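Worksheet: the structure to be examined is printed underneath.
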Amino acid sequence: MTSHLNTNRLTCKEAVELVTDYLEAALLPEMEARFKQHLQTCPDCTIYVDQMRQTLHTLRQLNAETTSGEAQQELLQLFRDWQKQPPGRQSLVITE
Amino acid sequence: MTTTEPETQETGPARASASANDLRLLGALRSGDEVAFAWLLDQYHTSLVRLAMIYVSSQAVAEEVAQETWIGVLQGLDRFEGRSSLKTWIFRILTNRAKTRGQREARSVPFSDLATAELEADEPSVDPSRFNPSDHPQWPEHWGSTDAPQSWDAIPEQQFLSQETRACVLKAIAVLPPSQREVMTLRDIEGWSSAEVCGVLGLSEANQRVLLHRARSKVRQALETYFGEG
């Protein structure tokens, strides 16, 4: 990957590879400055970064399920069974 | 199964040791406080199942693995020394169990050595043909005029959150290489910190970021294709 010959500016091809580091605040200050400078003059990459943020937003919404009441009861029963083991507890019987 | 399984040992780099809250919880569990266990279930059970799904063949098996994990947690309580956080410890038990079970099912299992193999290959995040060539007279390696990304700002929020969009994203995640799927699931779906993910998966921060970058790039691409077909 070669930078533009005339300046220190990033190309779009380089910039898209830096997006995650940028969003993670993992870019070193000099590189972050160059990245932001690129976004300032590149509407396409600005859109790309927005798309990446919107992708993350969609991903966060996937985390919506909860355990069913029935499953919860079954798991609590595990705990009660474990409680009943004598001190120096042996393994619970696990049917495999 | 015996009570001396290595999985419950606190191996690996300690990213964060047990907090005061962890120790309180531990004390409550050891004295048989069911409310404490119910709280743990509420916090972690669905995440355990989700993570197990990466390694095993079905939701049902993932549920079994999660259940076995809780058994392992309870059996290991007496030996847990707080050198890692409770959460890290629980999830390490899960990943060990899920990988073992996945192996028994003869699925290809994502051990962290496979992460190394995945990391060695180069993977551009965007199809290189969408950029101008490097000898372009004016804008080398910039987006080509016909291939630049189109803004999603006009897409209504309800479409972003629709079942169809969700299905598209889930499908994209399901076909990710295992290590990328692991990192994305924990970071971007479960909302774990990068330190927590590195702790459970045994990755450096830098490697974790590379895997995350590749996963995110693919999911973005899947969404772009999906929205573009609308």
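The values are calculated or read from the model by the stated rules, or taken from the named source; none is laboratory data. Since this is a predicted model, take the numbers as computed values, not measurements. No Cβ is skipped: glycine too gets one built from the backbone with ideal geometry, and neighbour counts run over all protein chains shown.
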TODO: Evaluate the range B:113-126: report whether one residue or more is away from chain A (no Cβ under 13 Å), within 30 Å of B:R24 (Cβ to Cβ) and crowded, with 18+ Cβ neighbours inside 10 Å.
DONE: no
Task: Lone unmet requirement of (1) under 16 Å from A:Q61 (Cα atoms); (2) acidic (D, E); (3) surrounded by 21 or more Cβ atoms within 10 Å (Cβ to Cβ) for B:E164 - done: (3)
Task: Candidates B:E118, B:E81, filtered to the one that is at pLDDT below 95 and either of a type in the set (S, T, N, Q) or part of a loop (DSSP other than H, G, I, E, B) (or both) - done: B:E81
TODO: Could you tell me whether any residue of the range B:57-70 is outside any helix (DSSP H, G or I), surrounded by fewer than 20 Cβ atoms within 10 Å (Cβ to Cβ) and hydrophobic (A, V, I, L, M, F, W, C)?
DONE: no
Open item on the list: If a residue must be at the interface with chain B (Cβ under 8 Å from one of its Cβ atoms) and under 25 Å from B:E205 (Cβ atoms), how many such residues does the range A:8-17 contain?
Closed with: 4
Open item on the list: Within the range B:92-111, does at least one residue satisfy the condition of being among the hydrophobic types (A, V, I, L, M, F, W, C), out of contact with any Cys (no Cβ under 6 Å at 6 or more places or on another chain), within 11 Å of chain A (Cβ to nearest Cβ) and not in a helix (DSSP H, G or I)?
Closed with: no
Open item on the list: Take residues that are at the interface with another protein chain (Cβ under 10 Å from one of its Cβ atoms), at pLDDT 90 or above and in contact with a Ser or Thr (Cβ under 7 Å, 6 or more places away or on another chain) and tell me which of the helices (runs of 4 or more DSSP H) falling wholly in the range A:18-96 contain 2 or more.
Closed with: A:43-60
TODO: Given the conditions (1) surrounded by fewer than 23 Cβ atoms within 10 Å (Cβ to Cβ); (2) in contact (Cβ under 8 Å) with a residue 60 or more places away in the chain, report the number of the one that B:E182 does not fulfil.
DONE: (1)
Task: Residues of the range B:188-223 satisfying the condition of being farther than 13 Å from B:S125 by Cα, part of a helix (DSSP H, G or I) and more than 9 Å from every other protein chain (Cβ to nearest Cβ) - done: B:A195, B:E196, B:V197, B:C198, B:G199, B:V200, B:L201, B:N207, B:Q208
Task: Condition check for B:G230: at pLDDT below 90 and closer than 21 Å to B:T116 by Cα - done: no
Open item on the list: Can you find a residue that is at the interface with chain A (Cβ under 9 Å from one of its Cβ atoms) and under 14 Å from B:A115 (Cα atoms) anywhere in the range B:160-175?
Closed with: no
